[in-house]
Amino acid sequence: MQLYGYSQKEFLSMSVKDLSPQQEVEKYIQQIKNSLPGIKASGPWQHIKKSEEIIYVDIYAYYTSRKSRQVAFMMAIDVTQKVNFEREVTELNQTLEEKVGERTRQFLDKNYEMEAANHALSSLNEELTAANEKLAVAGEVISQQAELLIKQSEDKLNTILTTIQDVVWSSYFVNRELNFINQAALQVFGYSREELYEDGHILESIVYSEDKKLVEAAFKELIINGYGQAEYRIVHRSGEIRWIRNRVWLKRDASGQPSVMDGVITDITERKNYEAELQKREILLSSLITSQTNYLIRMDMGGKYTFANQQFLKEFGYALEEITLKLFSEIIIPEDYENFQLMIQDCIQQPGKIVPLLLSTIDQHGHLYWTEWEFIGIQDEMDRVVEIQGVGHNITERKKSEEQLEEYTQALKEAQQVAQIGNWAFDLVAGAGIWSDQAFAIHHLNKEEGPPSVEKLATLYHPDDWPVFQAAVEKAIQQALPYNLDLRILDPESREIMYVNIIGKPVIDKTGKVIRLYGTILNINERKLSEKNLQHQNEQLRKINAELDKFVYSVSHSLRAPLTSVLGLINVIRIGEVDPQINTYLGLMEKSVLKLDETIHEINNYSRNARLGLNISEVNLLKLLQDVTGPYDATEVANKIKIEFNLQASYPFYSDTERLRVILNNLLSNAIKYRDENKPIPYVTIKITTTKEEAFIEVEDNGIGIEPDYLDKIFNMFFRASERSTGSGLGLYIVKETVDKLKGKITLISELDKGSVFKVWLTNIHE
């Protein structure tokens, strides 16, 4: 970089083309392409410094392959001084030749000036002698510089071979005797160079037994193609199992017989271990997400889904490819939309904070559910909220229970009034009590004044019964024992006696301490009737309490723990830089998502076809065909199958454009999916002909065809006629349903291993 005048950053952004004059670029590239593995020298070459000064360099290169690519370790030596010196010598020779010619002509033309000519020749001889002496000195200098440069190049190459971690080796083909191996062998195999030189077959003996076939296959590839590679396991001298990647090049002698094998061995144990660990994590993450019983969704800042888990898709009746085209707000009833917007604002303003939200949501079929959510803003590396994640679950049953509880509470209140039974509770920690309306009524107290104090309460009970009541309460507090007492109370005004039944129950905390008492008070003048009503109400209350207990347990254990696990896994994924192997797994995930997307799209098409009426207009058949076939032109499918269409629209055709699009998309996709790649030119052709009465569509392919036994079932829902089928089995069923909707008919002619022809007749639906 000092020689060329560039910074490291500038130099790494350039190529050889940027350093060489235009006239030498093509010649230099061609030399690189024709270079065989090994050390090569060439030059001098012209290079351009950053200052635009032209310098001359000799190139020494070591050509090899790395990660299936040809790689050259390049060394450029500045020989500008040598080239300039040689140029000066050449120019001096030319000058001398010109002078000799000039002197000779003078000698021939001016014979009479012989003495002057002789003197000139004498001077010229002196100049020639001096020039020859300079040439001799220059030649010696050039030779010394060349030897020095070659020695430096060899030293640098030896340094590279000594310090690289890859094993570089070479052996004779016939007897497998090693003629070279670098010091990295000791680290990779555990054997020194001397041991391997003495017994070159060690490298064959340490191959892991189960991987010997891989080595044999690579050797066969080497014989045929002159190059072979394999990834396999070896047994290190220490007994440790290691993974290596061995790349081998074969050289042949003048008669074409194999003579020498050159190779590079890379220790890939760490990469293999990382791949195995990554696969374990992928399986664990996939199982956790799949087993979730809660909803897990993500949406961008426009409210469009970026992810939805299987539980959400299942309960709301969507498929993943369909949901990614929708907005989360579409499942929310209008009354909750304002709260939804406020939630988004909270997530943006307070990223990382969980925002709870209760929503009324609608599934694909119009069913209404109560759902409880916790949303959180997801930030990018710039701390900007770019997505919102939501975890929710269906609380419809809980809401129904709450509504029932409210109904039951009102019914209980009414029942208490009718049955003259009241309920009460007393918080021992807070020192506060709660009485129902009927409890006040039974005691003939004004509820506006609140529950009476203990002192006032003592005046309301018969003097003989108050000590019994006090003893039962103290026992309940101290020993956590319930009580059931028949007592007499006195009217505050008339002091009239009335019999009541008082039931009290303690509530204890985790330490066993009573923190609350609650119970009922009943006018037992109509005891039997009241007991019956009380029993009924208690049964209802027990059921409601059981449901509430179950819900509380679910919230505590089934919701929070999985949520924490999912968030933890997401954070794990984001730790560190993304390895290329992760992109491979993400690609597999994307493939699965696309497959789900296809299924949902099919279900959506079927649903829309079933519930929506026809939208009749003139169909632009040319544009429709271009829209249907065009997307495949930009994909790898275009290289695997030939797609053509032929339109003969003699009359305008009126129908439902979107339904026609569904028909063509499904038939084309079906033909592409079941193409026969063993045929020279797989193809699919779409032909459309219109008349005044109808449109005739023919989709023909030379794919794998369909067995005769399946032809009458091909349009059935969820039917798959081939083991290659990865779809939902809805595609052709939707085509048939759509054709029926458009007042048409469809037939199929197919022969196994030859291809299929779908023929569709659609009525021209004029206004």
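The values are calculated or read from the model by the stated rules, or taken from the named source; none is laboratory data. Everything numeric in this text was worked out from a predicted model, so none of it was measured. Neighbour counts run over all protein chains shown; Cβ positions are idealised from the backbone, glycine included. To get the accessible areas, we keep the full protein, side chains included, count just its heavy atoms, and leave off ligands, DNA and RNA. Shrake-Rupley method; radii C 1.70, N 1.55, O 1.52, S 1.80 Å.
Odds and ends about this structure:
- Among (1) more than 26 Å from Ile388 (Cβ to Cβ); (2) at pLDDT 85 or above; (3) open to solvent by less than 30 Å² (accessible area, probe 1.4 Å), the one test that Phe316 misses: (1)
- Residue match in the range 650-661 (condition: of a type in the set (Ser, Thr, Tyr), in contact with a Phe, Trp or Tyr (Cβ under 7 Å, 6 or more places away or on another chain) and surrounded by 18 or more Cβ atoms within 10 Å (Cβ to Cβ)): no
- Which listed residue, of Ile265, Ile234, is of a type outside the set (Ser, Thr, Tyr), open to solvent by less than 30 Å² (accessible area, probe 1.4 Å), in contact with a Lys or Arg (Cβ under 6 Å, 6 or more places away or on another chain) and outside any loop (DSSP other than H, G, I, E, B): Ile234
- Val619 meets the stated requirement of being crowded, with 19+ Cβ neighbours inside 10 Å, modelled with pLDDT of 90 or more and not polar (S, T, N, Q).
- Among the residues listed as Glu10, Glu26, Glu102, Glu52, the single one being at pLDDT 65 or above, under 30 Å from Thr129 (Cβ atoms), open to solvent by 50 Å² or more (accessible area, probe 1.4 Å) and among the charged types (D, E, K, R): Glu102
- For the range 490-520, the set of residues classified as among the basic types (Lys, Arg) and either open to solvent by less than 40 Å² (accessible area, probe 1.4 Å) or part of a strand (DSSP E or B) (or both) consists of Lys505, Arg516, listed by residue number.
- Qualifying residue in the range 321-344 (condition: under 18 Å from Met301 (Cα atoms), among the basic types (Lys, Arg) and either in contact with a Pro (Cβ under 6 Å, 6 or more places away or on another chain) or open to solvent by 60 Å² or more (accessible area, probe 1.4 Å) (or both)): no
- Any hit, the range 441-464, residues being in a helix (DSSP H, G or I), among the aliphatic types (A, V, I, L, M), open to solvent by less than 60 Å² (accessible area, probe 1.4 Å) and under 25 Å from Glu539 (Cα atoms): yes
- Residues (closer than 17 Å to Asn665 by Cα, open to solvent by less than 60 Å² (accessible area, probe 1.4 Å) and either at pLDDT below 80 or of a type in the set (A, V, I, L, M) (or both)) located in the range 715-737: Ser725, Gly727, Ser728, Gly729, Leu730, Gly731, Leu732, Ile734, Val735
- When residues of the range 662-683 are limited to those that are under 20 Å from Leu752 (Cβ atoms) and touching a Gly at 6+ places or on another chain (Cβ under 8 Å), the one most open to solvent (accessible area, probe 1.4 Å): Lys673
- Of all residues in the range 1-18, those that are closer than 18 Å to Ile59 by Cβ have Cβ atoms under 7 Å from Cβ atoms of residues that are β-branched (Val, Ile, Thr) and assigned to a helix (DSSP H, G or I), 6 or more apart or on another chain, in Lys17/Val25.
- Those residues of the range 738-767 which are within 19 Å of Val619 (Cβ to Cβ), open to solvent by 40 Å² or more (accessible area, probe 1.4 Å), at pLDDT 85 or above and not aromatic (Phe, Trp, Tyr), in sequence order: Asp740, Lys741, Lys743, Lys745, Lys759, Thr763
- Some residue of the range 409-420 being in a strand (DSSP E or B) and open to solvent by less than 50 Å² (accessible area, probe 1.4 Å): no
- Meets criteria (within 21 Å of Asn523 (Cα to Cα), out of contact with any Phe, Trp or Tyr (no Cβ under 8 Å at 6 or more places or on another chain) and not small (Gly, Ala, Ser)) for Phe440: yes
- Entry remark, the range 465-489: residues being small (Gly, Ala, Ser), surrounded by fewer than 16 Cβ atoms within 10 Å (Cβ to Cβ) and closer than 11 Å to Gly504 by Cα number 1 in total.
- Of the residues making up the range 326-381, those that are among the acidic types (Asp, Glu), over 25 Å from the mean Cα position of the chain (by Cα) and either farther than 15 Å from Thr396 by Cα or not in a strand (DSSP E or B) (or both) are Glu330, Glu335, Asp336, Glu338, Asp346, Asp363.
- Boolean, Ile663 is of a type in the set (A, V, I, L, M, F, W, C) and over 17 Å from Leu742 (Cβ atoms): no
- Members of the range 694-714 that are open to solvent by 40 Å² or more (accessible area, probe 1.4 Å) and either touching a residue at least 12 places away in the same chain (Cβ under 8 Å) or among the small types (Gly, Ala, Ser) (or both): Glu694, Phe696, Glu700, Glu707, Pro708, Leu711
- Counted residues, the range 181-194 - those being of a type outside the set (Lys, Arg) and open to solvent by 60 Å² or more (accessible area, probe 1.4 Å): 4
- Failed item in (1) closer than 19 Å to Thr361 by Cβ; (2) at pLDDT 80 or above, with Pro258 passing the rest: (1)
Quick grid of which residues meet (1) within 15 Å of Ile442 (Cβ to Cβ); (2) aromatic (Phe, Trp, Tyr):
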{"residue": "Phe469", "(1), (2)": "yes, yes"}
{"residue": "Ala472", "(1), (2)": "no, no"}
{"residue": "Ala476", "(1), (2)": "no, no"}
{"residue": "Pro482", "(1), (2)": "no, no"}
{"residue": "Ile489", "(1), (2)": "yes, no"}
{"residue": "Glu496", "(1), (2)": "yes, no"}
{"residue": "Ile503", "(1), (2)": "yes, no"}
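- Only one entry in Glu381, Glu397, Glu406 is acidic (Asp, Glu), modelled with pLDDT under 90 and under 30 Å from His444 (Cβ atoms), namely Glu406.
- Among the residues of the range 418-439, those that are more than 11 Å from Leu517 (Cα to Cα) and hydrophobic (A, V, I, L, M, F, W, C) comprise Val418, Ala419, Ile421, Ala430, Trp435, Ala439.
- Failed condition for Thr691, given (1) under 18 Å from Tyr733 (Cα atoms); (2) surrounded by fewer than 16 Cβ atoms within 10 Å (Cβ to Cβ); (3) not charged (D, E, K, R): (1)
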